[in-house]
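Enquirer: Below you will find the structure I want to go over with you.
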Amino acid sequence: QGSSESKILQTIINQASIALENARLFRETSQREQFFAALGRVSQAINATFDLPTVLDLICRESMAIFQVDGVYIWQRRGLDLEATAAQGHGKDAFVGTVIRASETRVFAAAVVNHGQSIFLNNLNQVSSVNVRLPDRKSIQAVLGVPLQREGSPIGVMVLIDRRNPRRFREQDVELATAFGVQAAIAIQNAQLVTELRELNEQLDERVIERTQALGEERDRIQLLLKITTELSASLDETYVLNRALELINEVARAPRGGILLADPDSDFMIYRAAFGLGRPLPPEGFKLTLRKGDGLSGWIMRHRAPVLIHDTQHDPRWVSRPTSDDHRSVLAVPLVSGNDVIGALMLFHPQPHAFTRRQLELVEAAAYQVSNAIYNAQLYVLIRDQTERLGKMLREEQIEAAKNQAILESIVDGVLVADSANIITLANSATSHILDLPRAELEGKSMVDVLGRYASFSKAWLAAIAGLPSHPSQAAQSPAGDVAVTALSDRFTIENRHISMTLSPVLASGQFFGTVSIFRDITQAVEVDRMKSDFVSTVSHELRTPMTSIKGYADLMLMGVAGPLAAAQARYLQVIKNNADRLSMLVNDLLDISRFETGKTELDLRALDMSQLIEQVVRGHLQGRIQHEKKLIHVSTEYSPSLPLVQGDHARVTQILNNLLDNAFNYTPQEGSIAVRARAGGKFVYVSVADSGIGISPENQERIFERFFRAEDAAVQTVAGTGLGLSIVRSLVEMHGGSLSLESELNKGSTFTFSLPVVDGEV
Ligand code: ADP
């Protein structure tokens, strides 16, 4: 029985213990169920938001509720430190913001992080060495630390505390807290990532806004500069350019007053070339200031070539206050630089201090560069326009001049032909083409020698002379002066039945040979008239000679008393008749001589002559005879170089030459003058000179005295009986002998006529 009772008891006990075990199991299971339900709620809630502070707050609150603790604390990793970022319950406000340094490894939270697993410590008041770094440490009885990790690396730590139960935590709590910690870590990291992303986004937005603004400003700046450049380069009117530049620049600075000051090139002062806000318009040429170039703020800017931003003129020594400008408080001014020169300053004024910014200054400075360029261009344009106008005027005048010259040249009856230094014809007027009977195209651009070579009658010697002209300008300069002293050459030639005279003159300037100018003249008519005149003279002279001879003869006879004795008056009258008859026959003889020369009817009877002998004869016979007869005091001398060769000449003609020259010397030399006759040998010629100390011949008459009938208008000449034919005859005779006649004379000093005669062959 006892055993059955004990059996029953045993059974009851067994039943009871099973029931108790069941009850414990049931309680534990329901606790777990409760925990996981809460955990589910927590993870749902904390994953519903990505706002980190909200997430941290939620983690703290929910863990307080789930674990029934007095406080929950979270540290987050910042680098190697741990920063207290969230808490709930006991002392939460004092906790947030504290830091555990990386070196403080012994602090509980740091130890949990390092350990990597949840740790709890009970009976904390008995282990005073544990440092939990939490507010009011003494009141804390137990702690549970849970590391917060992601993919094996720590992101923080969560610590739970209990202040009443020193044996609060058990292994079971560790398991649950670790599970919770995993969820919390995920939520924190997600929120952190989202926050970071959001921050990054915000930062990016900010950067974008900043950049957009900067780009906008840059665009405005460039647009303004572009506008200034395009607008200013579209005009070259300086006044317009300057005023428009000011307007555009002021779109940036928005000053109520401003202007462009330029240094006046004509004075020592500055000049307002453009301005606004002055209350009155500027005159177009600008407004002259009494401000000197180096003075005041503009002077400072130009000297330093630097811009100026004055925030308050009352505190800037560079500002010189003037009655017209003392209400300017802010000034923005930049120099205008063109090339190397500072030409002026652009200045903006504001009545308020601090009205302008550095940005505005920079922009105005950049714009000023364009303005300087525009001013430079405008000034250059004016310069070029003036120069173009001047050149245009010169060109027009030159064209008129050229046309005038052309017209003059064309209207000349004579042919004018210009050749360059290489003898190429560069110009021929229409008269030339007419006279030479060649179209102009056959003249211009052709060689002189080729053109003139076409005419059979054109002298070959001449062609050689023309061809031999220095063909290079430098050649003329190099050759000795004598070689190029080509004076004008004259000649005649015929083209068919026409007579053409030609004169060729070299164009020389300062020793340089530039070419030749030739004049052609059709002298056919003159030659014809000449011939007719000669014929007439010859006929008339012949007809006159016969009656002259009888007049002279009978006068002589009567004077000799052949027709009976003469009364004194009769003799005088007869003498007058005889003298005039002599003069007449002299004239007739001269005329006959000349017409004979011209018609080529004179023939010379050439023999070897001894000049000294001949001269002595003429001087003693003819000259001395006249001296005695006319009772004129003249000193006569002769002089011969030794061993004078014989010359080839016609005795009568050479005597005539000498007579004529001695007559002139006698006629045109006053009382007590002298006449010297000299003869000397020179190469193939003997030179005979007749020198007198008489009235002389003026330079302008020296060529003309060889003309027929020419007599100087001098009274001393007119009183002497003469025909003006003598020298012309002498020249013809000398040239017929193959010699030449030359003259040297000075008015009132005397004249020397020299002729040459060829030496007899074999004499030299
Ligand atoms: P004519 O003696 O008959 O006048 P000529 O032909 O001989 O004519 O001279 C021309 C002119 O030259 C003269 O009228 C004279 O004016 C000038 N003449 C010539 N020989 C001399 C001289 N020896 N001195 C000054 N004048 C002279």
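Enquirer: Once each part is reduced to its C-alpha centroid, what is the distance from the range 274-291 to the range 106-165 in angstrom?
Expert: Result: 85 Å between the Cα centres.
Enquirer: Sort largest first and round to whole Å: the equivalent ellipsoid semi-axes of the range 308-414, each the square root of five times a Cα gyration tensor eigenvalue.
Expert: Those come to 58, 14, 9 Å.
Enquirer: Just want the ordering: Thr11, Thr239, from fewest to most Cβ atoms lying within 10 Å of their own Cβ.
Expert: The order, fewest Cβ neighbours first, is Thr11, Thr239.
Enquirer: Oh, and also: Could you tell me which residue out of Gln575, Ile8, Trp319 lies farthest along the dipole of the chain toward its positive end? Charges go on the beta carbon: Lys and Arg +1, Asp and Glu -1, centred on the Cα centre.
Expert: Going by the charge dipole, the pick is Ile8.
Enquirer: In vacuum, with every alpha carbon of the range 85-212 counted as one equal point scatterer, what does the Debye formula give for log10 I(q)/I(0) at q = 0.19, 0.20 Å⁻¹? Two decimals, please.
Expert: -1.11, -1.20
Enquirer: Here's something else I'd like to know. Could you run the Karplus curve 6.51 cos²θ - 1.76 cosθ + 1.60 with θ = phi - 60° over the range 703-720 and give me ³J(HN,Hα) per residue in whole Hz, x for Gly and Pro?
Expert: With coefficients 6.51, -1.76 and 1.60, one gets 7, 6, 4, 8, 6, 5, 6, 7, 9, 5, 7, 4, 5, 5, 8, 5, 6, 8 Hz.
Enquirer: Roughly speaking, what is the stretch gain from His629 to Thr49, that is 0.36 nm per residue apart minus the C-alpha to C-alpha distance, in nm to one decimal?
Expert: Separation in residues times 0.36 nm, less the Cα-Cα distance, equals 192.3 nm.
Enquirer: Give the Rg (one decimal place) followed by the Dmax (whole number) of the range 81-124, computed from C-alpha coordinates and expressed in Å.
Expert: Rg and Dmax of the range 81-124, Cα atoms, are 11.5, 28 Å.
Enquirer: Here is a follow-up. Could you give the angle, 0 to 90 degrees to the nearest 10, between helix 524-559's Cα long axis and the longest principal axis of the Cα atoms of the chain?
Expert: Once rounded, the angle reads 30 degrees.
Enquirer: What angle do you read, to the nearest 10 degrees and between 0 and 90, between the alpha-carbon axis of helix 651-667 and the longest principal axis of the chain?
Expert: Relative to the chain, helix 651-667 is tipped by roughly 70 degrees.
Enquirer: Report the net charge of residues surrounding Lys578, where surrounding means a beta-carbon distance below 13 angstrom and charges are Lys +1, Arg +1, Asp -1, Glu -1. Intermediate values should be presented prior to the final figure.
Expert: Working: positive: Lys552, Arg572, Arg583; negative: Asp556, Asp582.
Spelling it out: positives minus negatives among the neighbours equals +1.
Enquirer: Taking other Cβ within 10 Å of each residue's Cβ, how do Tyr687, Tyr376, Tyr73, Tyr573 sort, fewest first?
Expert: On the way: Tyr687 19, Tyr376 16, Tyr73 29, Tyr573 13.
Sorted ascending by nearby Cβ count, the order is Tyr573, Tyr376, Tyr687, Tyr73.
Enquirer: For the range 141-194, take the convex hull of the Cα atoms, compute a quarter of its surface area, and give me that in nm², please. Before the final figure, lay out the partial values.
Expert: Working: hull surface 15.8 nm².
Hull-based average projected area comes out at 3.9 nm².
Enquirer: Same structure, new question: With equal scatterers on the alpha carbons only and no solvent term, can you work out the Debye log10 of I(q)/I(0) for the range 606-764 at 0.09 1/Å?
Expert: Here log10 of I(q) over I(0) equals -0.27.
Enquirer: Follow-up question, since we're still on this one. I'd like the Karplus ³J(HN,Hα) series for the range 240-257: coefficients 6.51, -1.76, 1.60, θ = phi - 60°, whole numbers in Hz, and an x wherever there's a Gly or Pro.
Expert: 5, 4, 5, 5, 5, 4, 4, 4, 5, 5, 6, 4, 8, 8, 6, 8, x, 9
Enquirer: Whose amide H sits under 5 Å from the amide H of Lys446, counting only residues 5 or more places off or on another chain, with H placed in the peptide plane?
Expert: So Lys446 has HN proximity to Ile425.
Enquirer: Can you check what the net charge comes to around Tyr687, using other residues whose Cβ is under 13 Å from the Cβ of Tyr687 (Lys, Arg +1; Asp, Glu -1)?
Expert: Here the count lands on +1.
Enquirer: Still on this structure: Given an 8 Å cut-off on Cα distances and at least 6 residues of separation, report the relative contact order of the range 535-644 as a percent. Walk me through the numbers on the way to the answer.
Expert: Values: 46 pairs, mean separation 31.9, N = 110.
That works out to 29 percent.
Enquirer: Could you tell me the extents of the range 337-396's C-alpha atoms along the three principal axes, largest first, rounded to whole Å?
Expert: Each principal axis gives a Cα extent; for the range 337-396 these are 61, 22, 15 Å.
Enquirer: Okay, next question. Please report the spacing between the Cα centers of the range 420-451 and the range 670-745 in Å, no decimals.
Expert: 40 Å
Enquirer: Another one. Quick check on the chain: what are the equivalent-ellipsoid semi-axes from the Cα gyration tensor, as sqrt(5λ), descending, whole Å?
Expert: 149, 32, 24
Enquirer: Here's another thing I want to ask about it. Under the rule of at least 5 residues apart or a separate chain, name every residue whose amide H is placed under 5 Å from the amide H of Thr638.
Expert: Answer set, sorted by chain and number: Val677.
Enquirer: Listing Met736, Met532, Met448 from the residue with the fewest other Cβ atoms within 10 Å to the one with the most, what is the order?
Expert: Working: Met736 15, Met532 10, Met448 23.
Placing the least packed residue first, the sequence is Met532, Met736, Met448.
Enquirer: DSSP loop (so not H, G, I, E, B), at most 11 other Cβ within 10 Å: list which trypsin sites (Lys or Arg not before Pro) in the range 184-287 pass both filters.
Expert: Arg254
Enquirer: Would you work out the Kirkwood radius for the range 167-230? I mean one over the mean of 1/r across all pairs of different Cα atoms, in Å.
Expert: Final number for the Kirkwood radius of the range 167-230 is 16.5 Å.
Enquirer: Please work out how much length the chain gains when fully extended from Ala567 to Glu251, using 0.36 nm per residue of separation minus the C-alpha to C-alpha distance, in nm with one decimal.
Expert: Between Ala567 and Glu251, full extension yields an extra 100.6 nm.
Enquirer: Listed here are the pairs Lys601/Lys631; Lys460/Lys684; Lys460/Lys601; Lys288/Lys393; Lys578/Lys632; Lys552/Lys601; which of them are more than 31 Å apart at the Cα?
Expert: The pairs that break the limit, which is 31 Å between Cα atoms, are Lys601/Lys631; Lys288/Lys393.
Enquirer: Which of the GluC sites (Glu not before Pro) across the range 621-707 are loop residues per DSSP, with 16 or fewer other Cβ within 10 Å? Please report the intermediate quantities before stating the final value.
Expert: Numbers: sites: Glu630, Glu639, Glu672, Glu700, Glu703, Glu707; in loops: Glu672, Glu703, Glu707.
The qualifying sites are Glu672, Glu703, Glu707.
Enquirer: How do 21-27, 135-141 rank on mean C-beta neighbours within 10 Å, highest first?
Expert: Descending mean neighbour count gives 135-141, 21-27.
Enquirer: With charges only on Cβ, +1 for K and R and -1 for D and E, what is the dipole size of the chain about its Cα centre, in debye, rounded to 20?
Expert: Working: 76 positive and 89 negative charges, 514 e Å.
Roughly 2480 debye for the chain.
Enquirer: Can you compute 3J(HN,Hα) from phi for each residue in the range 621-634, using the Karplus curve 6.51 cos²θ - 1.76 cosθ + 1.60 with θ = phi - 60°, rounded to whole Hz and x for Gly and Pro?
Expert: x, 6, 5, 4, x, 5, 4, 5, 5, 9, 6, 10, 7, 9
Enquirer: Rounded to a whole number of µm²/s, how large is the Stokes-Einstein D of the range 560-682 at 20 °C and 1.002 mPa s, given Rh as the Kirkwood radius over C-alpha pairs?
Expert: For the chosen part, D equals 124 µm²/s.
Enquirer: Ranked highest first by the average count of other Cβ atoms within 10 Å around their residues, in what order do 283-290, 574-581 fall?
Expert: Per-residue mean Cβ counts within 10 Å order the peptides as 574-581, 283-290.
Enquirer: Compute the helix-to-body angle for 171-233: its Cα long axis versus the longest principal axis of the chain, expressed 0 to 90° and rounded to tens.
Expert: Result, in degrees: 20.
Enquirer: Binning at 10 Å from 0, report for the range 1-112 what percent of all alpha-carbon pair distances ends up in each bin.
Expert: Result, from short to long distances: 12, 26, 23, 14, 10, 9, 5, 1 percent.
Enquirer: Kindly provide the GluC sites (Glu not before Pro) of the range 90-196 that DSSP labels as loop, not H, G, I, E or B, and whose Cβ sees at most 11 other Cβ atoms within 10 Å.
Expert: Of the GluC sites (Glu not before Pro), the ones in loops of the range 90-196 whose Cβ has at most 11 other Cβ atoms within 10 Å are Glu151.
Enquirer: Pairwise over distinct Cα atoms, reciprocal of the mean inverse distance: report the Kirkwood radius of the range 28-83 in Å, one decimal place. Mind showing how you got there, number by number?
Expert: Details: mean 1/r = 0.0797 Å⁻¹.
Radius from the Kirkwood sum: 12.6 Å.
Read the figures in this text as sums done on the coordinates, not as results from a lab. Just so it is clear, the structure is predicted and the values come from calculations on it, not from any experiment. Methodologically, a virtual Cβ is constructed for each residue, glycine included, from the backbone with ideal geometry; neighbour enumeration extends over all protein chains shown.
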